[in-house]
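Trainee: Supplied in structure tokens, the structure appears directly below.
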Amino acid sequence: MDIYKELGVKTLINCAGTYTIIGGSKMSENTLEAMNQAARYHVVIKDLQQKIYVELAKMTHNEAARVTAGAMAGVYITIATCISKKFNKPLRYISKEDISKCEVIIHRAHRNPYDRGLETLGVKLVELGYPNNINPVTEEEFGYAFSEHTVAVLYLPSCNGGWVPPGALDLGSVIKISQKHDVPVVVDAAAQLPPKSNFWNFTEAGASAVCFSGGKDIRGPQTTGLVLGKKSLLDYFDANNFPVYGIGRMYKVGREELAGIYCAVKEYMEKDEDAFRERCEKVVRTYIASFSKKMAFSFERSWPNEAGQSIARLKMIINKEGVTPEMIKNDLSSCERSIFTMVENGSLYINPQMMSDEETDYVKDQLLLIVKKY
Ligand SMILES: *Cc1c(COP(=O)(O)O)cnc(C)c1O
């Protein structure tokens, strides 16, 4: 707290969700303590990595695990690893010309700002389909996308909708066809937690690797990510990663973050997901009951949340002309304790996912004061 005072940066109550622009999630005291302890001693990084990788693989029911500096870095190094697998050598021994011929298959419905990393890597993206319902990709069409240069298929699951549009072939068929071509399927599931069973759902279905963000619902350090998957692919990972002088050196994960994500995943596996989901439902019910349609704004239940996570949140309904979601967003932001919300597609949302009980009450009280103004 004092560091933010010293710097004059205001702290926020997070009513938006696991948005990276405000720091994603908060680490537990245990995780912070693990990071502190890790910082106090020197260790051989490779030894620490290997121990933590084995434990993470065990906990998440996977053959292998790696820690990266976020999910985007995870996708980047994993695709580099797919290239290494194809050429059977570390990326730094593969010429730029050879890398530029490598092809990664991706549905247009799955293109997103996070895949820009692949352009940096220099591979060719082979796009197929359209980001809508008009002409969904068929098995036959998907099969045509493969060539002798294909190194991977990158896939974004849209578990409950979220922001991924329709138009892609389903993951099961993608895996079946990719396996016939002996091409690894890499799943970007950065925000697809909960449920924690997604740690193994995609890889059990046959994906070679799945990438998660450590700083979203897992509540690990914001600068971490997980790559979970098959040994046959991830055995090629370390030659490209820190502490070797591979491209992964740009995405260094220190011993503190390694300890932090290990501790956070351990806690995540013990978390009672049903109780957490019910807690969010309770917040939603309480807010709905506290505001009536006669007031300038009221609330309704919205599901799933912005990332497609199976957690309920509140959608604000404006009942009075002239009142805009942006006005309420500004009012909330200027409260004595600044409240951060998101306006999406013209509606303001309150997401209880990262709110403490005390913050839940504070925000409701502030909203009840604000609603009287209009
Ligand atoms: C959040 C997100 C990422 C980036 O995760 P970081 O851990 O911040 O790198 C990548 N892909 C998707 C689909 C995401 O939602």
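The values are calculated or read from the model by the stated rules, or taken from the named source; none is laboratory data. All figures in this text were calculated on a predicted structure; none of them were measured in a lab. Cβ atoms come from the backbone with ideal geometry, glycine included; neighbour counts cover every protein chain shown. Surface areas here come from the heavy atoms of the whole protein model, side chains and all, with no ligands, DNA or RNA. Shrake-Rupley method; radii C 1.70, N 1.55, O 1.52, S 1.80 Å.
Trainee: Need the failing condition index for TRP163 against (1) of a type in the set (Phe, Trp, Tyr); (2) at pLDDT 95 or above; (3) within 16 Å of the ligand (Cβ to nearest atom), just the number.
Mentor: (2)
Trainee: Within the stretch 160-171, can one find any residue that is of a type in the set (Phe, Trp, Tyr) and either closer than 13 Å to CYS82 by Cβ or in contact with a Cys (Cβ under 8 Å, 6 or more places away or on another chain) (or both)?
Mentor: For the stretch 160-171, residues of a type in the set (Phe, Trp, Tyr) and either closer than 13 Å to CYS82 by Cβ or in contact with a Cys (Cβ under 8 Å, 6 or more places away or on another chain) (or both): absent.
Trainee: Any residue at all in the stretch 201-209 that's more than 16 Å from the ligand (Cβ to nearest atom), open to solvent by 10 Å² or more (accessible area, probe 1.4 Å), part of a loop (DSSP other than H, G, I, E, B) and at pLDDT below 95?
Mentor: no
Trainee: Does the stretch 46-66 include one or more residues that are within 16 Å of the ligand (Cβ to nearest atom), at pLDDT 95 or above and open to solvent by less than 10 Å² (accessible area, probe 1.4 Å)?
Mentor: Yes; the residues of the stretch 46-66 include at least one that is within 16 Å of the ligand (Cβ to nearest atom), at pLDDT 95 or above and open to solvent by less than 10 Å² (accessible area, probe 1.4 Å).
Trainee: May I pose another question? Out of the residues in the stretch 212-233 that are more than 9 Å from the ligand (Cβ to nearest atom) and surrounded by fewer than 24 Cβ atoms within 10 Å (Cβ to Cβ), state the one that is nearest to ASN198 (Cα to Cα).
Mentor: Residue satisfying both the conditions and the ranking: LYS230.
Trainee: If you check every pair at least six apart or on different chains, which have Cβ atoms under 8 Å apart with a residue in the stretch 267-284 that is farther than 13 Å from MET354 by Cα first and a residue that is part of a helix (DSSP H, G or I) and open to solvent by less than 50 Å² (accessible area, probe 1.4 Å) second?
Mentor: Sorted first by the residue in the stretch 267-284, then by its partner, the pairs are GLU267/THR31; MET269/MET59; VAL284/PRO352.
Trainee: Sticking with this one: Counting only residues that are open to solvent by less than 10 Å² (accessible area, probe 1.4 Å), in contact with an Asp or Glu (Cβ under 9 Å, 6 or more places away or on another chain) and more than 19 Å from ARG285 (Cα to Cα), how many does the stretch 317-371 have?
Mentor: The number of residues fulfilling the criteria is 1.
Trainee: Then there's this: Which of the residues that make up the stretch 294-316 are in a loop (DSSP other than H, G, I, E, B), at pLDDT 95 or above and open to solvent by 10 Å² or more (accessible area, probe 1.4 Å)?
Mentor: LYS294, MET295
Trainee: Here is a further query. Regarding ASN133, is this residue open to solvent by 70 Å² or more (accessible area, probe 1.4 Å) and under 30 Å from SER310 (Cβ atoms)?
Mentor: Here the answer is yes, as ASN133 does meet what is asked.
Trainee: Separate question: Where residues in the stretch 234-263 are within 14 Å of the ligand (Cβ to nearest atom) and of a type outside the set (Gly, Ala, Ser), which of them is most open to solvent (accessible area, probe 1.4 Å)?
Mentor: MET250
Trainee: A follow-up question, please. If you go through the stretch 88-117 one residue at a time, how many are surrounded by fewer than 17 Cβ atoms within 10 Å (Cβ to Cβ) and either away from the ligand (no atom under 16 Å from the Cβ) or closer than 24 Å to GLU141 by Cα (or both)?
Mentor: Matching residues across the stretch 88-117 total 13.
Trainee: Listed residues THR78, THR120; which is open to solvent by 10 Å² or more (accessible area, probe 1.4 Å) and within 16 Å of the ligand (Cβ to nearest atom)?
Mentor: Of THR78, THR120, the one residue that is open to solvent by 10 Å² or more (accessible area, probe 1.4 Å) and within 16 Å of the ligand (Cβ to nearest atom) is THR120.
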